[in-house]
Ligand SMILES: C[S@@+](CC[C@H](N)C(=O)[O-])C[C@H]1O[C@@H](n2cnc3c(N)ncnc32)[C@H](O)[C@@H]1O
């Protein structure tokens, strides 16, 4: 029998993640800016690539109502357990967790039914060569879901139905999938960039 792959450990209750929530930069974070969270504005967000749920949880902690979509069943189950634990924890975690809805589906087909206001997309990209830089849960996630070669389709689906904005996290130096419209702007970091399409 084939040995089963380790399911990534997903937890929002550990000290490191709590620290990230309380000292991580708030609405000054590039993630928050890319999704259009400003002093006076908090959009409803569909995170179409939930993964370990970290970005989605951070956005919910900043006040956004977040719908997480994950298509890989073992990852969806691990996320559900982590969200249940967060809902039973103290208000720092329970409050944002109460604003999160988790769905299991392929976002390419589900997004149009949701008529989302704002969509966030962070697909799996080819592995970085310096694998020591990638933390264990992300390596376990990659073992299970592999890469997301249909990321272009997902972005096009989001662009076809998002009412206000689509923000895509992409490696800084990699080219975007073909046939996308010109982005409205980009926010570049050291290794990644946020590519933003305003509708
Ligand atoms: C790089 S991870 C996202 C990491 C996440 N932003 C975080 O903070 O943990 C990408 C995840 O998106 C999921 N995914 C990719 N394409 C998807 C699609 N079309 N529908 C639903 N889930 C998708 C993959 O299974 C994987 O778990």
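The values are calculated or read from the model by the stated rules, or taken from the named source; none is laboratory data. What you see is a predicted model; the values in this text were computed from it and never measured. Neighbour counts run over all protein chains shown; Cβ positions are idealised from the backbone, glycine included.
Overview of results
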| quantity | calculated |
| --- | --- |
| Single residue of the range 94-137 satisfying the filter (within 19 Å of residue 173 (Cβ to Cβ) and near the ligand (Cβ under 9 Å from one of its atoms)) that is modelled with the lowest pLDDT | 125 |
| Qualifying residue in the range 33-51 (condition: at positive phi, modelled with pLDDT of 95 or more and surrounded by 19 or more Cβ atoms within 10 Å (Cβ to Cβ)) | yes |
| Residues of the range 78-91 classified as free of Cβ contacts under 8 Å to residues at least 12 places away in the same chain and within 28 Å of residue 162 (Cα to Cα), total | 0 |
| Residues that are near the ligand (Cβ under 6 Å from one of its atoms), surrounded by 23 or more Cβ atoms within 10 Å (Cβ to Cβ) and assigned to a loop (DSSP other than H, G, I, E, B), drawn from the range 53-79 | 53 |
| Unmet criterion (only one of (1) in a loop (DSSP other than H, G, I, E, B); (2) away from the ligand (no atom under 12 Å from the Cβ); (3) free of Cβ contacts under 8 Å to residues at least 60 places away in the same chain) for residue 50 | (2) |
| Test: residue in the range 148-158 that is surrounded by fewer than 20 Cβ atoms within 10 Å (Cβ to Cβ), over 18 Å from residue 32 (Cα atoms) and away from the ligand (no atom under 12 Å from the Cβ) | no |
